[in-house]
1. For the range A:154-189, what are the residues that are of a type in the set (Ser, Thr, Tyr) and part of a loop (DSSP other than H, G, I, E, B)?
2. Consider the range A:158-175. How many of its residues are under 23 Å from A:VAL133 (Cα atoms) and out of contact with any strand residue (DSSP E or B) (no Cβ under 7 Å at 6 or more places or on another chain)?
3. For A:LYS259, indicate whether it is over 30 Å from A:PHE81 (Cβ atoms), of a type in the set (Lys, Arg), within 7 Å of another protein chain (Cβ to nearest Cβ) and assigned to a helix (DSSP H, G or I).
4. Looking only at the range A:259-286, how many residues end up being touching a strand residue (DSSP E or B) at 6+ places or on another chain (Cβ under 6 Å) and surrounded by 24 or more Cβ atoms within 10 Å (Cβ to Cβ)?
5. Report whether or not A:MET244 is over 17 Å from the mean Cα position of the chain (by Cα) and modelled with pLDDT of 95 or more.
6. Looking at (1) closer than 30 Å to A:ARG64 by Cα; (2) at pLDDT 95 or above, find the lone condition where B:GLU279 falls short.
7. With the structure loaded, tell me whether A:LEU293 is surrounded by 15 or more Cβ atoms within 10 Å (Cβ to Cβ), without any contact (Cβ under 8 Å) to a residue 60 or more places away in the chain and not β-branched (Val, Ile, Thr) or whether it fails that test.
8. Is it the case, given these coordinates, that A:THR68 is without any contact (Cβ under 8 Å) to a residue 24 or more places away in the chain, touching a strand residue (DSSP E or B) at 6+ places or on another chain (Cβ under 7 Å) and buried (at least 16 other Cβ atoms within 10 Å of the Cβ)?
Number of protein chains: 2
Amino acid sequence: MSLLVIGTVAFDDIETPFGRAEKIVGGAATYIAWAASYFTDDIRMVSIIGDDFPKSELAALQERGVDTSGIKAVEGGKSFFWAGRYHHNMNSRETLVTDLNVLADFDPVLPPHYRDSEYVMLGNLTPSIQLSVIRQMSARPKVIALDTMNYWMDSAMDELKEVLAHIDLLIINEDEARQLSGQYSLLKANDVIREMGPKYLVIKKGEHGALLFGEGHVFFSPALLLTEVQDPTGAGDTFAGGLMGYLAGNEDLNFEVLKQAIICGSAMASFCVEKFGPEALRDIPSQHLIDRLEKFSMMMQFQVPGLRKSQD
Amino acid sequence: MSLLVIGTVAFDDIETPFGRAEKIVGGAATYIAWAASYFTDDIRMVSIIGDDFPKSELAALQERGVDTSGIKAVEGGKSFFWAGRYHHNMNSRETLVTDLNVLADFDPVLPPHYRDSEYVMLGNLTPSIQLSVIRQMSARPKVIALDTMNYWMDSAMDELKEVLAHIDLLIINEDEARQLSGQYSLLKANDVIREMGPKYLVIKKGEHGALLFGEGHVFFSPALLLTEVQDPTGAGDTFAGGLMGYLAGNEDLNFEVLKQAIICGSAMASFCVEKFGPEALRDIPSQHLIDRLEKFSMMMQFQVPGLRKSQD
């Protein structure tokens, strides 16, 4: 089924303890689309770029079955640029430069053939832009998922809460869940956040995995153990892309399918961090992906222990 | 089968954001024995206490089927005392007081009927004491498990490495695994540490769960989500106790049984942190324990996603 993806398409400078990369392709929508393209075909991107953005990058996405006609190229404009540096084995990062450039005037107008999309992934952007996209849909999508960040909780909480009332699935990290809910316990945070609107909540814990809440259940996906992590940039977006791509590739929507979607997101994120930028997402053979999905199963399957000793 | 437990039996003062408790019973061996007692019967404790230690506490352990004849009471001596304070939602703790007292002269002599124990849990102590216990066994135990800490890595690495060569299972936390191996990647840390001797390695990640390595496999147990965490003291020992108790209660020893043992350890730890000290471990009804074990299953079971879209 169709998946609408909105988010940044950008250039990044990235420095990690393992090396550096300059002016490589990045942006939330880029990672989301690449990851989703392994699970579903009809992907429609909405974003804004300058005329400095290489056409070959858009062509590569088109070859993966991604419709890029919703990406507006501003003549004479410069693409969004982010530079960051990771410290201490990737656990913290510092933003060195944020040049909004064309993103400053981003006011997306969906192409008419995008408006019936059944799945919508709203990447991290101003809540008012996220809301504007929802309002342009011709019918209520089957699933609207949203990513956001602490910055919008600090600066635009009212607008954020308005968007949350319209979505099905919120994908945020641990700190953001605590800030949004005012609760430290993630169980309590889930209760508060789900009251705000989303039927399902995913809490990302980076190298410690991800939690899925919904329908009275909790599911947990660990992060795969890796020998080398080169660059965590885009891992969260890649996770969301794998997740939403898997949902869009399936007829059913229930907790069992969502569990599988979380695993797909985690598997895609494990590829992402092994190379700089979205490089590792460009050409993953099916068997590599299947092998990773099975690794999760091996890490998690067990028979419930029986009690040989009764306490009562 | 028989489980020998060696470790501290102590008094603790504990302060957490949720309250404080003074001079409550603590010590690694206490938590280990209580947790193990839910899974196996023949538990034999080795420790040292002063004559200030309440006899009723030993009687309570005896009622759970724990042999306390190996706990030496020093006349006129004072029991080991630790005082600590937890900060920031339990993620860091500060030691306020450590009074070794009788522990300073601890040189355990195993009672003759302890020496044929089939399972041995060496709680965190000076490596030379851990080694002395191994040397007193009349036959090679089926499983020797060991807990240690960064302090011994800093001050007694040679002795620690000597003990590691004699054990089957090492149970340490994430930071300790990184320090012991000199590797940040836990996959690489596992390779280095398993070369030192242990056939199996468990890496505890606190609220983020625990990893089990061995026989070419990796297994992961999440920590159960809890509404309220009162006091994390003893959670690691409780985890080890549940784990070793489950192993001792089973004939088989293989990766499948170890996976179940990790789950039992995690379940016991989830009870432990809900109250101050070992209080929550004293009277857990079978059904409560079974319910928790099943919660892990619900958090972790999924069907491996199929790929509908081939990349090749």
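The values are calculated or read from the model by the stated rules, or taken from the named source; none is laboratory data. What you are looking at is a predicted structure, and each value in this text was computed from that prediction instead of being measured. All Cβ positions, even for glycine, are placed from backbone atoms using ideal geometry, and neighbour counts span all protein chains on display.
1. First, pick out the residues of the range A:154-189 that are of a type in the set (Ser, Thr, Tyr): A:155, A:181, A:184-185.
Correct list: A:TYR184, A:SER185.
2. Number of matching residues: 6.
3. So A:LYS259 fits the description; yes.
4. So the first thing to find is which residues in the range A:259-286 are touching a strand residue (DSSP E or B) at 6+ places or on another chain (Cβ under 6 Å), and the list is A:259, A:262-263, A:266, A:276-277.
Those left that are additionally surrounded by 24 or more Cβ atoms within 10 Å (Cβ to Cβ): A:262-263, A:266.
Matching residues across the range A:259-286 total 3.
5. So A:MET244 does not fit the description; no.
6. All conditions pass for B:GLU279, except number (1).
7. Numbers: surrounded by 15 or more Cβ atoms within 10 Å (Cβ to Cβ): yes; without any contact (Cβ under 8 Å) to a residue 60 or more places away in the chain: yes; not β-branched (Val, Ile, Thr): yes.
For A:LEU293, the condition - surrounded by 15 or more Cβ atoms within 10 Å (Cβ to Cβ), without any contact (Cβ under 8 Å) to a residue 60 or more places away in the chain and not β-branched (Val, Ile, Thr) - is met.
8. yes
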